[in-house]
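Structure first, then comments.
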């Protein structure tokens with residue numbers, strides 16, 4: 001591998017993969033890497049703009065070359081709306097309140113999203129003279145690593161480049177620590193409006209569960225206090241008049 005185009009979904013997820021490549025690059029004369037910010041899935045536009053700005057600032061500081069969007073300069077948001085959104089909307093309508101179906105729908109939606117982004121990545125790599133493609137997506141334990149590998153390899157084959165798949169999840173904790181030390185903005189959902197809705201729902205469920213647990217503990221404490229008070233009252237009623245402790 002001499003020329004790698006590394007897809008990056010955001011700055012926090014890119015820190016460790018880029019660091020690892022540079023460490024390996026030192027032992028591979030002639031190897032080089034550029035970053036590709038190809039993420040038409042990120043919504044709303046203000047969120048996309050924020051992630052892009054944080055990514056661009058970090059990349060510039062580190063001296064990384066960056067290609068943006070499907071053509072190297074701009075994002076093709078319409079491509080995502082055409083390829084992914086209709087499938088996601090159909091699944092929402094068909095799978096209401098069915099958790100198993102929701103999980104399958106999420107995998108289908110994410111597969112199409114990976115496919116679209118990796119297709120644009122591989123096309124950019126072939127156009128710009130890169131030998132190989134890779135992605136930082138697998139740094140996240142919330143992503144579907146097996147599906148990512150399948151779609152990355154398929155996109156690479158279609159465009160005559162090599163897929164350099166790597167599971168970066170072992171470095172997830174380091175990536176969190178490093179991005180926080182750098183003061184990076186860290187988003188709390190993957191990118192699209194459907195993932196945001198799912199993340200919001202999950203956080204609300206966790207919040208409700210914590211509130212319920214606190215209420216149970218409060219009720220138990222109150223019950224124990226009442227039992228103790230009743231016990232003390234019963235004890236005082238059994239003592240003779242004028243009784244004093246020794």
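Bear in mind these aren't lab numbers, they're just calculated from the coordinates by the rules spelled out. A quick note: this is a predicted structure, and the numbers were derived from the prediction, not measured. As a convention, Cβ positions derive from the backbone with ideal geometry for all residues, glycine included, and neighbour counts pool all protein chains shown.
Structural remarks
- Each principal axis of region 193-236 carries a Cα extent, and these read 64, 5, 5 Å when sorted largest first.
- Listed by Cβ neighbour count within 10 Å, with the fewest neighbours leading, 27, 7 appear as 27, 7.
- Rg [Å, one decimal], Dmax [Å, integer] - region 103-142, C-alpha atoms: 12.3, 38
- Residue 226-residue 100 FRET efficiency (beta carbon distance; Förster radius 30 Å; 0.05 resolution): 0.10
- Using alpha-carbon coordinates, inclination of helix 45-62 to the longest axis of the chain, degrees: 70 degrees
- Volume in Å³ per residue [convex hull over Cα atoms, computed for region 7-105]: 138 Å³
- For region 1-47 and region 124-182, distance of Cα centres in Å: 8 Å
- Between the Cα long axis of helix 193-238 and the first principal axis of the chain there is an angle of about 10°, rounded to the nearest 10.
- The angle between the Cα long axis of helix 172-181 and the longest principal axis of the Cα atoms of the chain comes to about 90 degrees, rounded to the nearest 10.
- For the chain: relative contact order, % (alpha-carbon pairs under 8 angstrom, 6 or more apart): 23 percent
- Between residue 76 and residue 206, the FRET efficiency estimated from the beta carbon spacing at R0 = 41 angstrom works out to 0.70.
- Net length available on complete extension from residue 28 to residue 218 is 62.3 nm, with 0.36 nm assigned per residue and the Cα-Cα distance removed.
- Base-10 log of normalised Debye intensity for the chain (one unit scatterer per alpha-carbon) at q = 0.08, 0.13 Å⁻¹: -0.41, -0.84
- DSSP-defined antiparallel bridges as percent of all bridges, the chain, nearest 5: 0 percent
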